[in-house]
1. Go through region 65-83 and give me each residue that's outside any loop (DSSP other than H, G, I, E, B) and touching a strand residue (DSSP E or B) at 6+ places or on another chain (Cβ under 6 Å).
2. Report whether or not E188 is under 27 Å from K303 (Cα atoms) and surrounded by fewer than 23 Cβ atoms within 10 Å (Cβ to Cβ).
3. Go through (1) within 16 Å of the ligand (Cβ to nearest atom); (2) open to solvent by 50 Å² or more (accessible area, probe 1.4 Å); (3) not basic (K, R) one by one and return the number of the condition M233 breaks.
4. Being outside the structural domain of L180 (by TED's automatic domain parsing), within 16 Å of the ligand (Cβ to nearest atom) and closer than 22 Å to G161 by Cβ: is that true of T91 here?
5. Checking M176 against (1) open to solvent by less than 10 Å² (accessible area, probe 1.4 Å); (2) away from the ligand (no atom under 12 Å from the Cβ); (3) not β-branched (V, I, T), which test does it fail?
6. Looking at this structure, is A162 assigned by TED's automatic domain parsing to the domain that holds A119, touching a residue at least 12 places away in the same chain (Cβ under 8 Å) and surrounded by 18 or more Cβ atoms within 10 Å (Cβ to Cβ)?
7. Which condition number in (1) within 21 Å of the chain's Cα centre (by Cα); (2) in contact (Cβ under 8 Å) with a residue 60 or more places away in the chain is the one that N216 fails?
8. Checking the condition part of a loop (DSSP other than H, G, I, E, B), open to solvent by 10 Å² or more (accessible area, probe 1.4 Å) and at pLDDT 95 or above, which residue from Y86, Y57 passes?
Amino acid sequence: MNHVRIIGTGSKAPDKVLSNHDLEKMVETSDEWITARTGIKERRIAEDGIASSDMGYDASLKALEASGTDPSELDVIIVGTVTPDYMMPSTGCLIQSKLKAKNAYGFDLAAGCSGFLYALHVGYGLIKAGTAKKILVVGTETLSRIMDYEDRSTCILFGDGAGAVVLSESEEPGIMSSCLNADGDDWELLYIPGGGSKIPASKESIENKDHYMKMNGRDVFRIAVKSMEAATMQAVEEAGIKPEDIDLLIPHQANFRILEAVRKRLNLPEDRLFSNLDKYGNTSAASVPLALDEAVRSGRAKKGDILLFTVFGGGFTWGATVVRL
Ligand code: UT7
């Protein structure tokens, strides 16, 4: 058993919809501008009181059910998120408790929008090293809680949701390559200033809106395209396949123009790109597992297919993974 496979997927999106037309009433923007520049039509917003662990739990239950895994079989729970319920305990521990996964240890992994792929990579390594057999990997975000709904450069992009996969040791091939990268030099182009040890919560930090996400969209866009294209080509090469072998490309759902740039770089036809960006916007670490679960449940991704995930996020962090489903 020297392979690691995804054996089940699940996702959760809140019911409440925030449409482009709703945003027109909140900031100076238009449905036409948002649609043309991003491809987003609406995003989901968690109800008051619902946090990342709640959506992550719902997604996890579905992934466990799809894979026929009992929570007691889990060795590890890894949660990619930039919006944990609390600074302490970790969302991983909260999900472990809700699932009653008594044999698992759990932790959060912060890598911006790349959190899920980073978590998948760590899970892959733990199984490969023989320290775990079954791992739950979750990406869950409640980004509406860190959005400034007076800042049109960010609030039109982001939404809430969760996705999860069960990773297992396997005799059949699964993860074929996994490439991660980071470059902290440009961290200020995409970050959340407040709430950490540098600018702890205070009356002043709240007045300054320090706990909201800040982004220089134009620069992030440029670096994201370049980085995701490079990571994608590296992951294809390390998997020993050709770009045309990819059955479905599932990129981080950031902006349709970014997704299209990656697809064109791989020279793939339009129907090999999966996007649900129009419905959910950018859900950060939840975006790839949420898209993967929709692709699986709709029949767009089938057992045996070769999938390519690629991500980019704050840090900066980025990467790509080739998987045989
Ligand atoms: O998850 C990973 C991290 N995030 C991303 O991947 C996001 C990457 N960046 C983007 O997706 C895009 O840069 C944005 C969608 C954020 C912005 O699109 P853009 O084509 O880069 O627009 P821009 O920032 O260059 O702005 C163009 C114009 C500006 O007006 P002027 O200076 O040309 O008069 C902006 O003020 O559009 C204006 N603008 C808006 N207009 C209407 C900026 N935001 C909006 C808005 N509605 N929401």
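1. Quick first cut of region 65-83, residues outside any loop (DSSP other than H, G, I, E, B) only: 65-67, 71-73, 76-80.
Those that are outside any loop (DSSP other than H, G, I, E, B) and touching a strand residue (DSSP E or B) at 6+ places or on another chain (Cβ under 6 Å): A66, S67, E73, V76, I77, I78, V79, G80.
2. no
3. (1)
4. Working: outside the structural domain of L180 (by TED's automatic domain parsing): yes; within 16 Å of the ligand (Cβ to nearest atom): no; closer than 22 Å to G161 by Cβ: yes.
So T91 does not fit the description; no.
5. (1)
6. Details: assigned by TED's automatic domain parsing to the domain that holds A119: yes; touching a residue at least 12 places away in the same chain (Cβ under 8 Å): yes; surrounded by 18 or more Cβ atoms within 10 Å (Cβ to Cβ): yes.
Judged against the criteria, A162 is a match.
7. (2)
8. Numbers: Y57 fails: part of a loop (DSSP other than H, G, I, E, B).
When all the criteria are applied, what remains is Y86.
The values are calculated or read from the model by the stated rules, or taken from the named source; none is laboratory data. All of these numbers come straight from a predicted model, not from anything done at the bench. Don't worry about glycine lacking a Cβ; one is built from the backbone with ideal geometry, like all the others, and counts go over all protein chains shown. Accessible surface is based on the protein model in full, side chains and every heavy atom, while ligands, DNA and RNA are left aside. Shrake-Rupley method; radii C 1.70, N 1.55, O 1.52, S 1.80 Å.
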